[in-house]
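The values are calculated or read from the model by the stated rules, or taken from the named source; none is laboratory data. What you see is a predicted model, and the numbers here were worked out from it, not measured in a lab. Cβ sites come from the backbone with ideal geometry, for glycine too, and all protein chains shown count toward neighbours. For accessibility, only protein heavy atoms count, side chains too; no ligands or nucleic acids. Shrake-Rupley method; radii C 1.70, N 1.55, O 1.52, S 1.80 Å.
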Amino acid sequence: MGPSTAARALDERFTADATTLRHTLRARDALRAAVDGPMDTTGVDAVLEQGRIRPTLTAEGPGERAEFRDDAWGPGWLAARNYLELLSTAPDRIRGCAQETCVLHFFDTSRNGTRRWCSMAVCGNRAKASRHYARTKDA
């Protein structure tokens with residue numbers, strides 16, 4: 001279950017201001033602490049307390065709507081909620097990028113679960129170019 005089209009259009013739903021940025025950075029830091037170290041639930045729970053899911057009935061059938069104490073928490077809250085969905089789907093597929101200088105994490109959707117880089121076009125290409133350079137330099 002991925003985010004709906006409306007959830008992905010964050011620029012149409014939330015105001016890009018200093019308060020939203022502050023709350024989104026707080027959510028980012030909480031998620032980083034949960035992913036990088038021993039599971040720290042305190043920060044993510046604090047972000048999740050800023051919103052809730054309200055069940056709805058739509059013309060298409062059952063639905064959900066996210067509600068926030070303050071809309072400035074929207075993007076950060078949605079990121080924390082999506083992290084919970086990834087944890088319930090396949091926690092072992094949440095990985096840090098193998099590129100030494102990259103700080104990003106990704107959800108490995110490859111068939112065999114062996115993806116190493118957040119982006120093959122960027123980090124994967126850098127790793128391949130670095131190995132190629134090392135081989136040709138030694139030759």
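Select from region 5-27 the residues that are modelled with pLDDT under 95 and within 15 Å of TRP77 (Cβ to Cβ) and list them in ascending order.
ALA6, ALA7, ARG8, LEU10, ARG13, PHE14, THR15
Across region 30-50, which residue is farthest from the chain's Cα centre (by Cα) among those that are part of a helix (DSSP H, G or I) and exposed (fewer than 13 other Cβ atoms within 10 Å of the Cβ)?
THR42
Which pairs do you get when a residue that is crowded, with 16+ Cβ neighbours inside 10 Å, found in region 1-27, comes within reach of a residue that is at pLDDT below 95 and of a type in the set (Phe, Trp, Tyr), reach meaning Cβ atoms under 6 angstrom, with the pair 6+ apart or on two chains?
Taking only residues 6 or more apart or on different chains, the pairs are THR20/PHE14.
Does TRP117 satisfy the condition of being in a helix (DSSP H, G or I) and either open to solvent by less than 70 Å² (accessible area, probe 1.4 Å) or at pLDDT 90 or above (or both)?
Against the criterion (in a helix (DSSP H, G or I) and either open to solvent by less than 70 Å² (accessible area, probe 1.4 Å) or at pLDDT 90 or above (or both)), TRP117 does not qualify.
Which strands (runs of 3 or more DSSP E) sit wholly inside region 51-111 and have at least 1 residues that are closer than 12 Å to VAL35 by Cβ and either at pLDDT 95 or above or open to solvent by 60 Å² or more (accessible area, probe 1.4 Å) (or both)?
Here the list reads 94-96, 105-107.
Filter region 9-29 down to the residues that are among the aliphatic types (A, V, I, L, M) and part of a helix (DSSP H, G or I) and list them by number.
LEU10, ALA18, LEU21, LEU25, ALA27
Within the group ASP92, ASP71, ASP45, ASP40, which residue is within 27 Å of MET120 (Cα to Cα) and of a type in the set (Asp, Glu)?
Just one listed residue meets the conditions, ASP92.
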